[in-house]
Amino acid sequence: MCATEPIAFAPYGVFALMTWVAGTYGLDLLAPLAKVIAMVYLGCAVHAVVVYGGLIKFIARLNPLRYFQGSIEPVMVAFTSTSSSGTLPVTMMSAERNLGVSRSVSSFVLPMGATLNMDGTALYQGVCAVFIAQAYGLDLNTSQYLTIVLTATLASIGTAGVPGAGLIMLSLVLASVGLPLEGIAIIAGIDRILDMARTALNVAGDCAVACVVAHSEGELDQTVFDTAHVLKADEFLQAGEAVEGEARVARA
């Protein structure tokens with residue numbers, strides 16, 4: 001068996017992969033997989049509240065509840081699409097119209113964040129690496145844990161903002177501490193579920209950093225930030241058309 005075997009199941013979706021994992025490794029593996037999902041989701045929630053909420057509260061001196069309310073739309077799109085790059089138009093629109101971030105800041109910070117800010121991916125890779133080590137009965141020492149943290153952080157920066165990219169970069173983390181690459185086949189069965197949480201966290205982080213940068217540069221409209229606003233369907237379409245038009249201008 002090799003790490004590329006699950007690719008053959010791609011047309012059948014995540015349930016076929018889960019069936020293959022259960023049939024190959026036994027039902028005893030499914031319970032730990034549920035724990036992996038719970039751990040990743042819990043880690044993403046804690047990270048969003050503590051780190052991003054802390055940035056908004058103590059660095060930008062803004063209301064973290066308004067930040068979460070204002071960024072809920074791009075987070076929902078990211079959760080369902082599992083693509084931070086594909087969510088970028090909605091992220092930019094929400095940052096400007098819900099959070100009061102100026103166009104000059106959002107157009108610079110958010111595209112960069114969609115490429116570089118991958119906290120959710122780093123968290124996911126760390127959890128999966130530890131799970132694979134436990135699944136194969138391998139003990140990790142302190143230096144290997146530190147290597148996982150460092151490699152996962154660096155690998156996440158180079159991860160593309162498209163669905164499934166984090167699973168490919170996981171091979172780098174496993175190789176850095178000598179874990180079997182075949183373990184990726186186990187994670188592949190639940191990767192889509194994990195991808196939803198980590199992408200949502202990545203986009204939430206993009207919005208938080210945009211607010212902090214805009215506030216530090218005096219480019220944040222406090223009135224807009226403090227006003228609750230729900231985006232409409234036509235605004236989503238307008239945002240997508242605007243970003244597409246800017247992309248065509250840039251290519252020209």
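The values are calculated or read from the model by the stated rules, or taken from the named source; none is laboratory data. As the structure is a prediction and not an experimental result, all values here were calculated from the model. Here the Cβ is made from the backbone with ideal geometry for all residues, glycine too, and neighbour counts use every protein chain on show. Each accessible area value is taken on the protein alone, full model and side chains, heavy atoms only, with ligands, DNA and RNA left out. Shrake-Rupley method; radii C 1.70, N 1.55, O 1.52, S 1.80 Å.
Remark: pairs (first residue in the range 35-56, at pLDDT below 95; second residue in a helix (DSSP H, G or I) and open to solvent by 50 Å² or more (accessible area, probe 1.4 Å); Cβ separation under 7 Å; 6+ apart in sequence or on different chains) = Ile37/Ile193. Residue count for the range 67-83 under the criterion of being farther than 14 Å from Ala210 by Cα and either open to solvent by 10 Å² or more (accessible area, probe 1.4 Å) or part of a helix (DSSP H, G or I) (or both): the result is 11.
Being out of contact with any Gly (no Cβ under 7 Å at 6 or more places or on another chain) and more than 24 Å from Ala228 (Cα to Cα), is that true of even one residue in the range 48-66? So far as the range 48-66 goes, no, none of its residues is out of contact with any Gly (no Cβ under 7 Å at 6 or more places or on another chain) and more than 24 Å from Ala228 (Cα to Cα).
Only one of the listed residues (Ser104, Ser171, Ser176) is of a type in the set (S, T, N, Q) and closer than 30 Å to Asn63 by Cβ. That residue is Ser104. The numbered conditions (1) within 13 Å of the chain's Cα centre (by Cα); (2) of a type in the set (A, V, I, L, M); (3) open to solvent by less than 10 Å² (accessible area, probe 1.4 Å) are all true for Ala95 except (1). In the range 188-227, of all residues being of a type in the set (D, E, K, R) and closer than 17 Å to Ala78 by Cα, the one that is most open to solvent (accessible area, probe 1.4 Å) corresponds to Arg192. Against the conditions (1) open to solvent by less than 20 Å² (accessible area, probe 1.4 Å); (2) assigned to a helix (DSSP H, G or I); (3) touching a Phe, Trp or Tyr at 6+ places or on another chain (Cβ under 9 Å), Leu62 satisfies every one except (2). Going by the conditions given, is Phe108 surrounded by fewer than 21 Cβ atoms within 10 Å (Cβ to Cβ) and modelled with pLDDT of 90 or more? Yes, satisfied. Please work out if Ser156 is part of a helix (DSSP H, G or I), modelled with pLDDT under 90, polar (S, T, N, Q) and more than 30 Å from Thr227 (Cβ to Cβ). Criteria met by Ser156. Scanning the range 148-175 for residues that are among the polar types (S, T, N, Q) and open to solvent by 50 Å² or more (accessible area, probe 1.4 Å) gives a single hit, Thr153. Filtering the range 24-37 for residues that are more than 30 Å from Ala133 (Cα to Cα) and open to solvent by less than 20 Å² (accessible area, probe 1.4 Å) leaves an empty set. Filtering Val149, Val109, Val130 for residues that are hydrophobic (A, V, I, L, M, F, W, C), in contact with an Asp or Glu (Cβ under 8 Å, 6 or more places away or on another chain), in a helix (DSSP H, G or I) and more than 14 Å from Ala197 (Cα to Cα) leaves a single hit, Val109.
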